[in-house]
Amino acid sequence: MVGKTWRALVGLVGATVLSGIAAFAEVHWDYEGTDGPKHWGSLDPAFAACASGTEQSPVDLTGAQESDLSSLAFDYTPSPITISNNGHTIQVDYAPGSGIVLDGARYELLQFHFHHVSEHAVDGVRFPLELHLVHRNNSGALAVVGVLFEAGGANEALKPLWSHLPAKAGPATIVAGEVDATALLPKRRTTWRYMGSLTTPPCTDGVSWIVMTEPVALSAEQIEAFGAIFPNNSRPVQPLNGRVLRRDGEA
Ligand SMILES: [Zn+2]
């Protein structure tokens, strides 16, 4: 989960030049080295949950209980493509009007982005890529839908994005075409569910996680294209600390 970094930076550059004070400068974090995941919690007081949180994401999804899960409906329509490399991932900001209805509550789709390799694991195994569709309800609560990708045939739904992957960090740009989030989902709509957190600083908890149990395919070339920009933007799995994982029963 990543967001807002560049918009915040763009606003700050001007203010910093004028005042000479970088009071709200973004705290640098990374996936390796001294600013890597093991150190996120101490990089800034606002990131404390990365170290002290007891319901963190991602997790290994093995051992989920089959359950009658609360209702989930997808209500996505195509969106123009507003794409950015924010320094941590490739993010697509989604046009208003799409969302999910989870247990009767509507959550608006704000943006989606990718992690290479996947953040969630299954039986200890990670997938080549993971998509996070980030949603928020009227109360500010977040629900993230994760989609795991496996190597296979070329993914048509990714093509309009992959032809515009920004190699360098920078502000969002609108590119030709549109993207349909529905087409990024697997056909089978069964899910894993658990309560977790943002997987990037500030690692805020209280996030409703919904990970699709059926992976979707993308080609080796598509994996390489993303991996060339982000060789590793995946947080290690976090302890469950007694949390219950649920999944849809096999119908
Ligand atoms: Zn994410």
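Quick note: the coordinates plus some simple rules give every number you see, no bench work behind them. What you see is a predicted model; the values in this text were computed from it and never measured. Every residue, glycine among them, receives a Cβ derived from its backbone with ideal geometry; neighbour counts consider all protein chains shown.
Here are a few things to note about the model shown:
- Gaussian network model of the chain, springs between alpha carbon atoms under 10 Å - residue of 28, 116, 39 with greatest fluctuation: 28
- Lysine pair number, Cα distance threshold 29 Å (strictly under), the chain, separation 8 or more or different chains: 6
- Label-to-label distance, nm, for residues given as residue 136 and residue 103 (7 Å Cα→Cβ offset): 2.1
- The range 121-213: C-alpha gyration tensor shape, a/c 1.5 cut-off, then a/b vs b/c: oblate
- Take the Cβ atoms of residue 73 and residue 156, set R0 to 25 Å, and the FRET efficiency comes out at 0.60.
- Dipole magnitude of the chain, debye to nearest 20 (Cβ charges: Lys/Arg +1, Asp/Glu -1, about Cα centre): 340
- Most positive-pole-ward Cα, 27, 163, 64, against dipole of the chain from beta carbon charges: 27
- For the range 5-241: rounded, prolate or oblate by the Cα gyration tensor [a/c cutoff 1.5]: rounded
- The range 93-169 shape via C-alpha gyration tensor axes, a/c threshold 1.5: oblate
- Cα→Cβ-extended label distance, 7 Å offset, between residue 183 and residue 163, nm: 1.1
- Spatial separation of Cα centroids for the range 113-133 and the range 138-181, in angstrom: 14
- Distance between the pseudo-spin-label points of residue 224 and residue 30 (7 Å out from Cα toward the beta carbon): 2.6 nm.
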